[in-house]
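The values are calculated or read from the model by the stated rules, or taken from the named source; none is laboratory data. None of the values given here were measured: they were computed from a predicted structure. So basically every Cβ, Gly included, is an ideal-geometry build from the backbone, and we count neighbours across all protein chains shown. Each accessible area value is taken on the protein alone, full model and side chains, heavy atoms only, with ligands, DNA and RNA left out. Shrake-Rupley method; radii C 1.70, N 1.55, O 1.52, S 1.80 Å.
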Amino acid sequence: MSASLPQGSDDYRHSSSKPSISLNAETIRVYISAVVMRVRERVTIDTIRPLPMFLGLSGPAFCVSAGAFTPPTRHMDRTAPEKIRSRIRLNFAFFLSNYALLTCGVAIVVALLHPGMLIFLGLLWGLWSLHEFMISNELIVFGKNISS
């Protein structure tokens, strides 16, 4: 004798074989902080590669180097997408500090060209800090508690 479960019951929902993933603000914060720590360990001033190497240039005339276009692996049994993924991962790992420096430079230039964005980011940071303060503390203005 078999028992069937109606689809609306709690037993039916929990019986699936799929793993459940719970995402909340704390989980996302921990994940992002772990990624930031890994990047901070790898991005140092010592790992910045020279500009001609980063751009794939060689010689006094700064011509495109033939070594910049060598195959990423010696294995011929890999498929083309695997070779491309391998090449991108290797390139990103090798030039990570250069990419981080380039990203910071572009962010600074964009921020200087668009000062309204800096004002908006400052306002956003200030309102977010006020929101966080109001959640964690009681704020009394003119004798009224405005944090609840």
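Going by amide H atoms built from the backbone, whose H comes under 5 Å of the H on L57, apart from near neighbours?
Here S65 satisfy the definition.
Taking the full set of protein chains and a 1.4 angstrom probe, give the accessible area of R38 in square angstrom, rounded to the nearest 10.
140 Å²
Could you give the accessible area per residue of region 78-148, probe 1.4 Å, as a whole number in Å²?
83 Å²
If packing is taken as the average count of other Cβ atoms within 10 Å, what order do 109-118, 95-104 fall into, highest mean first?
The peptides rank, most packed first, as 95-104, 109-118.
What length, rounded to one decimal in nm, is gained on full extension from C104 through to V64, with 0.36 nm per residue of separation minus their alpha-carbon distance?
11.8 nm
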